[in-house]
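To keep things clear, I will list the structure first and then write my remarks on it.
The values are calculated or read from the model by the stated rules, or taken from the named source; none is laboratory data. Because the structure is predicted, anything quoted here is derived from the model rather than measured. Quick reminder, even Gly has a Cβ in these numbers, built from the backbone with ideal geometry, and neighbours come from all protein chains shown.
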Amino acid sequence: MSLAQKYPNEVNQIMAKYPPEHKRSAVMPLLYLAQREEGYVTKDALKDIAQMLDITETDVASIVGFYSLYHDHKAGKYRMQVCTDLPCALRGADKFLADLCGNLGIQVGETTPDGLVTIEAVTCLAACDKAPMFQTQGPDGIQYHENMTVDKTMELIEALKNAGKEVK
Amino acid sequence: MAHVLLRHRDIPNLNQLDVYQKNGGFEAFQKAVTAMKPNEVTDVVKASGLRGRGGAGFPTGMKWSFIDNKNWPHYVVANADESEPGTFKDREIMESNPFQFLEGLAIASYAVGANAAYIYLRGEFWQVAALLDEKIADMEKAGLLGEKLFGSDYSLNIYTHLGAGAYICGEETALLESIEGKRGQPRIRPPFPPAYGLYGKPTIVNNVETFTNVPPILVNGADWYKSMGTPDSAGVKIFSLSGRVKKPGNYELPFGTTFRELVYNYGGGILDDRPVKAIMPAGASSSLIVVDDKALDTPMDYASVRTLGADLGSASVIVIDDTVSIDWVVNKTIHFFKHESCGKCTPCREGNYWMLHLTERIHSGEGSQNDVSLLLNVAKQMQGKCLCALGEFATMAVVTGIERFPQDFQKAVKA
């Protein structure tokens with residue numbers, strides 16, 4: 001099913017933001033829509049968006065490749081993206097990330113065996129005064145989690161696990 | 001002193017439209033549209049001495065006066081990409097005092113004759129964008145956005161646009177490319193955006209904090225604004241304080257406040273009461289200032305910080321204490337710039353790649369003094385040769401780190 005069929009209202013709202021002769025501007029919001037369910041942009045979605053905007057699949061793929069928040073492969077349901085840049089690292093972000101990975105028994109870049117969480121190290125998220133911190137990128141968009149500890153993070157992961165069960 | 005920008009810290013629920021309006025909100029916008037010509041608005045902003053808060057410090061009113069009135073339509077774009085490591089002020093404004101920012105954006109749009117304004121938020125500000133969409137809808141319902149505002153012929157719509165994780169999109173021409181649905185790679189300048197901007201049309205791009213200064217300037221006048229700060233740097237600034245301090249956070253202070261006041265009075269001093277070793281006043285793009293009493297007593301304004309061999313930039317003050325080795329700091333900053341280089345120009349793309357190899361080797365203890373010399377050489381070769389400021393920024397901590405803290409690099413390398 002195409003994006004326009006699946007999310008007609010949202011697609012219309014997105015297209016209305018830009019002058020009709022510059023509809024290519026809609027590529028970024030449409031890509032967010034496209035990766036909402038699977039957590040990454042599928043080959044079919046590339047084709048679909050290219051057709052909607054009269055650009056090539058390569059054009060769309062170049063956007064996916066350039067920007068960090070678009071993904072071309074499947075990962076955990078939630079990507080847990082820990083900032084390890086200088087200001088956060090001065091407040092213990094590297095140790096937090098190592099301890100968290102140790103607790104989960106996975107390495108940075110890996111996914112928990114149940115497929116729930118992928119741990120990633122990312123660049124600055126503009127929350128330098130509230131380190132250690134990370135964002136979760138998942139089906140419901142992006143959420144910030146600030147002033148975190150490993151214990152609080154494990155509780156969050158439990159909550160995400162249970163939230164998933166309710167949906168099913 | 002009452003806040004000028006972070007007014008939500010003085011007035012509860014200021015992010016609600018009725019509360020904002022009860023506290024004088026949108027009077028400035030109404031006054032501009034109903035009683036002032038667009039160029040009169042620009043003149044007030046020019047006279048106030050307001051300079052851009054994104055880092056470059058370019059005079060705001062002068063930028064607005066560069067708009068090309070022979071080419072239409074015009075656009076105004078708010079740069080809410082806030083991605084400099086150490087910067088987290090625009091997010092607080094948008095979350096807690098959103099209407100003052102939106103009012104400033106609306107006034108700027110009127111001043112340059114734009115009927116459409118875009119807010120470009122970094123993709124990570126997903127929740128902030130959703131909140132701004134609500135606030136924009138509130139304004140539309142209240143007749144503060146839309147057609148024929150306040151009974152005039154002026155119309156304005158504001159739209160949010162989410163980026164997707166690219167520091168380079170804070171560079172204004174890369175930002176415009178990104179709104180156009182392209183990779184965020186800087187354009188060759190000139191032409192500058194006031195002549196050739198979004199969709200090739202005249203466009204004014206300003207930082208969120210810059211816009212937020214505009215409503216109080218229009219209400220209270222240019223002289224009031226200039227009465228704060230220093231002659232070279234008028235008004236107030238939000239200083240984002242981070243790193244090894246007890247109380248990191250945003251502090252709105254007049255320009256000219258000293259580093260010592262910020263770090264010790266507001267920031268509560270250094271963790272474990274250690275001595276300060278270095279300060280980066282402009283985030284990861286910053287030169288490293290060697291901290292002594294003279295540096296601590298230096299006023300934070302554009303001209304004074306320059307006497308310390310650094311720029312104030314976006315005033316993202318990262319504090320480094322004596323437990324930290326500068327070779328580690330440089331490795332961190334280069335890791336960032338290597339990741340964020342857009343790849344368009346060779347000196348930045350290749351330079352950062354090789355600088356990262358060298359800083360990794362030095363920091364791991366596998367490097368030699370020759371590697372340190374080579375690192376300094378690569379950085380200096382990049383300077384003045386990159387297409388935009390990103391490449392230049394990447395070299396700042398490297399060059400000043402090696403030149404001002406040589407002992408840290410000597411310790412890090414193999415004997």
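Can you confirm whether the range A:148-163 contains a residue that is among the small types (Gly, Ala, Ser) and outside any helix (DSSP H, G or I)?
Checking the range A:148-163: not a single residue is among the small types (Gly, Ala, Ser) and outside any helix (DSSP H, G or I).
Can you tell me which residue is surrounded by the fewest Cβ atoms within 10 Å (Cβ to Cβ) among those in the range A:110-137 that are part of a loop (DSSP other than H, G, I, E, B) and more than 14 Å from chain B (Cβ to nearest Cβ)?
Pass one, the range A:110-137, residues part of a loop (DSSP other than H, G, I, E, B): A:110, A:112-116, A:123-127, A:131-133.
Narrowing further to those that are more than 14 Å from chain B (Cβ to nearest Cβ): A:110, A:112-116.
Values: A:Glu110: 16, A:Thr112: 18, A:Pro113: 9, A:Asp114: 11, A:Gly115: 13, A:Leu116: 16.
That would be A:Pro113.
Is it the case, given these coordinates, that B:Tyr199 is closer than 23 Å to B:Phe66 by Cα, within 13 Å of chain A (Cβ to nearest Cβ) and of a type in the set (Ser, Thr, Tyr)?
yes
Quick one: in the range A:54-77, which of the residues that are farther than 28 Å from B:Val329 by Cα and crowded, with 24+ Cβ neighbours inside 10 Å is farthest from the other protein chains (Cβ to nearest Cβ)?
As a first pass, look at the range A:54-77 and keep what is farther than 28 Å from B:Val329 by Cα: A:54-65, A:70-77.
Keeping just the survivors that are crowded, with 24+ Cβ neighbours inside 10 Å gives A:60, A:63.
Working: A:Val60: 9, A:Ile63: 7 Å.
Among residues in the range A:54-77 that are farther than 28 Å from B:Val329 by Cα and crowded, with 24+ Cβ neighbours inside 10 Å, the one farthest from the other protein chains (Cβ to nearest Cβ) is A:Val60.
Tell me, which residue of the range A:36-67 that is modelled with pLDDT of 95 or more and within 16 Å of the chain's Cα centre (by Cα) is nearest to B:Gly181 (Cα to Cα)?
Across the range A:36-67, the extreme among qualifying residues is A:Ile63.
Just the residues that are closer than 18 Å to B:Gly57 by Cβ and free of Cβ contacts under 8 Å to residues at least 60 places away in the same chain, please, taken from the range B:242-258.
Listed by number, the residues that qualify are B:Leu253, B:Pro254, B:Phe255, B:Gly256, B:Thr257.
Contact list please: Cβ distance under 6 Å, first residue in the range B:392-415 and over 19 Å from B:Asp311 (Cβ atoms), second residue polar (S, T, N, Q), pairs at least six apart or on different chains.
Going by the 6 Å Cβ cut-off, the qualifying pairs are B:Asp408/B:Ser325; B:Val413/B:Ser368; B:Val413/B:Gln369; B:Lys414/B:Ser368.
In the range B:119-149, which residue that is of a type in the set (Lys, Arg) and either closer than 23 Å to B:Lys89 by Cβ or touching a His at 6+ places or on another chain (Cβ under 7 Å) (or both) is surrounded by the most Cβ atoms within 10 Å (Cβ to Cβ)?
B:Arg122
I'd like the full set of residues that are free of Cβ contacts under 8 Å to residues at least 40 places away in the same chain and surrounded by 15 or more Cβ atoms within 10 Å (Cβ to Cβ), limited to the range B:361-374.
B:Arg361, B:Leu374
Of the conditions (1) without any contact (Cβ under 8 Å) to a residue 60 or more places away in the chain; (2) surrounded by 21 or more Cβ atoms within 10 Å (Cβ to Cβ), A:Val150 clears all except one; give me its number.
So A:Val150 meets the others, but not (2).
Output yes when any residue across the range B:295-315 is within 14 Å of another protein chain (Cβ to nearest Cβ) and either buried (at least 22 other Cβ atoms within 10 Å of the Cβ) or of a type in the set (Ser, Thr, Tyr) (or both), and no when none is.
Within the range B:295-315, one or more residues are within 14 Å of another protein chain (Cβ to nearest Cβ) and either buried (at least 22 other Cβ atoms within 10 Å of the Cβ) or of a type in the set (Ser, Thr, Tyr) (or both).
Condition (residue is within 14 Å of chain A (Cβ to nearest Cβ) and in contact with a Lys or Arg (Cβ under 8 Å, 6 or more places away or on another chain)) applied to the range B:346-355: is it met by at least one residue?
The answer is yes; a qualifying residue exists.
Of all residues being facing chain A (nearest Cβ under 9 Å) and without any contact (Cβ under 8 Å) to a residue 24 or more places away in the chain in the range B:168-185, which is surrounded by the fewest Cβ atoms within 10 Å (Cβ to Cβ)? Just the residue, please.
My answer is B:Glu180.
Let me confirm something: among A:Tyr70, A:Tyr18, which residue is outside any helix (DSSP H, G or I), aromatic (Phe, Trp, Tyr) and within 15 Å of A:Thr136 (Cα to Cα)?
A:Tyr70
Considering the range A:78-103 alone, what residues qualify as being facing another protein chain (nearest Cβ under 9 Å) and part of a helix (DSSP H, G or I)?
Within the range A:78-103, A:Leu86, A:Pro87, A:Cys88, A:Ala89 qualify.
I need every pair where a residue in the range B:195-208 that is over 30 Å from B:Ile238 (Cβ atoms) has its Cβ under 7 Å from the Cβ of a residue that is buried (at least 24 other Cβ atoms within 10 Å of the Cβ) and among the polar types (S, T, N, Q), sequence separation at least 6 or different chains.
The qualifying pairs do not exist here.
B:Lys247: at pLDDT 95 or above, under 24 Å from B:Val317 (Cβ atoms), buried (at least 23 other Cβ atoms within 10 Å of the Cβ) and of a type in the set (Lys, Arg), yes or no? Step through it out loud before you land on a result.
Details: at pLDDT 95 or above: yes; under 24 Å from B:Val317 (Cβ atoms): yes; buried (at least 23 other Cβ atoms within 10 Å of the Cβ): no; of a type in the set (Lys, Arg): yes.
Taking the combined requirement at face value, the residue does not satisfy it.
When the range B:316-373 is examined, which residues are found to be within 16 Å of B:Pro406 (Cβ to Cβ), in a helix (DSSP H, G or I) and of a type outside the set (S, T, N, Q)?
Within the range B:316-373, B:Ile326, B:Asp327, B:Trp328, B:Val329, B:Val330, B:Leu358, B:Ile362, B:His363, B:Asp371, B:Val372 qualify.
List pairs: first in the range A:1-23 and within 17 Å of B:Leu162 (Cα to Cα) and free of Cβ contacts under 8 Å to residues at least 40 places away in the same chain, second part of a helix (DSSP H, G or I) and charged (D, E, K, R), Cβ under 7 Å, 6+ apart or cross-chain?
A:Met15/A:Lys23
Could you list, in sequence order, the residues of the range B:74-123 that are within 9 Å of another protein chain (Cβ to nearest Cβ) and out of contact with any strand residue (DSSP E or B) (no Cβ under 6 Å at 6 or more places or on another chain)?
Once the filter is applied, which keeps residues that are within 9 Å of another protein chain (Cβ to nearest Cβ) and out of contact with any strand residue (DSSP E or B) (no Cβ under 6 Å at 6 or more places or on another chain), the range B:74-123 yields B:Glu82, B:Ser83, B:Pro85, B:Arg91, B:Arg122.
Tell me which residues, restricted to the range A:21-53, are away from chain B (no Cβ under 14 Å), more than 21 Å from A:Asp140 (Cβ to Cβ) and exposed (fewer than 13 other Cβ atoms within 10 Å of the Cβ).
A:Lys43, A:Asp44, listed by residue number.
Considering only the range B:145-167, I want to know if a residue exists there that is without any contact (Cβ under 8 Å) to a residue 40 or more places away in the chain and not in a loop (DSSP other than H, G, I, E, B).
Within the range B:145-167, one or more residues are without any contact (Cβ under 8 Å) to a residue 40 or more places away in the chain and not in a loop (DSSP other than H, G, I, E, B).
Given B:Ala129, B:Ala174, B:Ala195, which one is part of a loop (DSSP other than H, G, I, E, B) and either touching an Asp or Glu at 6+ places or on another chain (Cβ under 6 Å) or at pLDDT 95 or above (or both)?
The conditions single out B:Ala195.
Give the residue, chosen from B:Val214, B:Val219, that is in a helix (DSSP H, G or I) and surrounded by fewer than 24 Cβ atoms within 10 Å (Cβ to Cβ).
B:Val219 is the lone residue from the list that is in a helix (DSSP H, G or I) and surrounded by fewer than 24 Cβ atoms within 10 Å (Cβ to Cβ).
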